[in-house]
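The values are calculated or read from the model by the stated rules, or taken from the named source; none is laboratory data. Source: prediction; values computed, not measured. Using ideal geometry, Cβ is built from the backbone for each residue, glycine included, and neighbour counts are taken over all protein chains shown. When the accessible area is computed, the model is the full protein with side chains, heavy atoms only, and any ligands, DNA or RNA have been set aside. Shrake-Rupley method; radii C 1.70, N 1.55, O 1.52, S 1.80 Å.
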Amino acid sequence: MSPHKTLEVKNLKKHFQMGKGKSLKAVDGVSFDLYKGETLGLVGESGCGKSTTGRTIMNLYTQTDGEVIYEGQNVHDLSEKEQFLLKRQMQMIFQDPYASLNPRSTVAEIILEPMEIHRLYASNKERMARVYELLEEVGLNRDHANRYPHEFSGGQRQRIGIARALALDPDIIIADEPISALDVSVQAQVVNLLERLQEEKGLTYLFIAHDLSMVQHISDRIGVMYLGHMVELTSSDRLYRQPLHPYTQALLSAIPIPDPDIEDQREQVIIEGEIPSPIDPPSGCVFRTRCPFAMDVCAEKAPVWQEVEHGRQVACHLYDDKVVDPSEREKHQQKMKVNVQ
Ligand code: SF4
């Protein structure tokens, strides 16, 4: 059975107007599908547009262009009432659970709020029973219900954020750097919790993180973003074994490998310089100012986002037969090989 596409993101753009006719192109034409029950990791350096992509999908930002299709329906074509109902299906977990939880509300009030807004359950008694159930599901208990967020550790606060996200029984959770602010020892506990909940409830995750090592274990597939663009998307396994885009190679070669034999064999792809401003991005390929393999054509036209092998999309002229002869590509690939077997 082929996997079920639950969400399709097509050519999504979010530009922020900056005055004087300038705009900040935070997301500039991102396309990907999300399959039911999978975890898609979205990674890239700070400022690459990954969080803005998540927030634009959630309609926390109004998109500049493109389409977000949930279960075959373009979410921006829906009536206000339909959009309100759709909010139940997609929920978000944030990086800083403390900032996203109202400090003046008790844990019970925080988890009750979305249920009250969406008028779930017939009585307050039933809603409270659900609050206790959710607390148990995320590894807390009913004694925590009447306490305030400041009484909890970072990891516990993230558990409260997860309980709130689950209150509406969603299909999709967009997790925006949910473990980045936590201690390393707590990160694994939160990842384990998210994995268990996914298995129990059939959840689909879009898991946003700033480095590849953070999403490696949790993701079925990984999308790599750079300066508002998706540059590579494939299975987690293939991305780690043989990254194709020069930016993915650079990100991966920066992750230390504990095995010294492999570490010795691995060539480093070093990228230099700062990420350019999304207000004035480079012409053609946005990565060209830092790409060690840039060619003349890279300044002239933007690479097409295309499937270069089954289940792998890349935006780079090196993998476009119309731009680079396949025999030339071989030479490049030898030069670019990052051995992470
Ligand atoms: Fe590098 Fe050119 Fe590929 Fe961009 S299109 S990543 S500049 S080789």
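Just a few scattered comments:
- FRET E, pair E307, S213, Förster distance 35 Å, beta-carbon r, rounded to 0.05: 0.85
- 30 Å Cα-Cα reach of K22 towards lysines, excluding residues that sit fewer than 8 places from it in its own chain: K10, K13, K14, K50, K301
- Per-residue 3J(HN,Hα) values for the stretch 82-92, derived from phi via the Karplus relation 6.51 cos²θ - 1.76 cosθ + 1.60 with θ = phi - 60°, read 5, 5, 4, 5, 5, 4, 5, 7, 10, 10, 10 Hz in sequence order (x marks Gly and Pro).
- If the chain linking E330 and E151 were pulled fully straight, counting 0.36 nm for each residue of separation and taking away their Cα-Cα distance, it would gain 58.6 nm.
- The chain - charge dipole about Cα centre, Lys and Arg +1 at Cβ, Asp and Glu -1, debye rounded to 20: 820 debye
- Approximating the spin labels as points 7 Å out from Cα along Cα→Cβ, the Q83-to-F293 distance works out to 4.2 nm.
- Packing rank of 34-44, 15-25, where each peptide gets the mean count of other beta carbons within 10 Å, highest leading: 34-44, 15-25
- Only the Cβ atoms of Lys and Arg (+1) and of Asp and Glu (-1) were treated as charged; on that basis the dipole of the stretch 13-114 about its Cα centre amounts to roughly 400 debye.
- For the stretch 159-233, the solvent-accessible area of protein heavy atoms averages 31 Å² per residue (probe radius 1.4 Å; ligands and nucleic acids excluded).
- Point-to-point label distance, N192-R241, nm (Cα→Cβ direction, 7 Å offset): 2.9 nm
- Normalised alpha carbon radius of gyration of the stretch 1-82 [divisor 2.2 N^0.38 Å]: 1.18
- Computed over the chain, the per-residue total of -39500 (n - 2.57) for DSSP H runs of n ≥ 4 gives a 222 nm mean residue ellipticity of -9500 deg cm²/dmol, rounded to 500.
- The distance between label points at D321 and A122 comes to 6.4 nm (points 7 Å beyond Cα on the Cα→Cβ vector).
- Ratio Rg/Rh [Cα only; Rh per Kirkwood] for the stretch 159-317: 1.01
- Label point of Q73 set 7 angstrom out along Cα-Cβ; within the stretch 90-104, amide nitrogens under 20 Å from it belong to 90-92.
- Overall size of the chain from C-alpha positions, given as principal axis extents largest first: 69, 50, 47 Å.
- The listed peptides 74-87, 278-291, ordered by packing as a protection proxy, come out as 278-291, 74-87 (highest mean of other Cβ atoms within 10 Å first).
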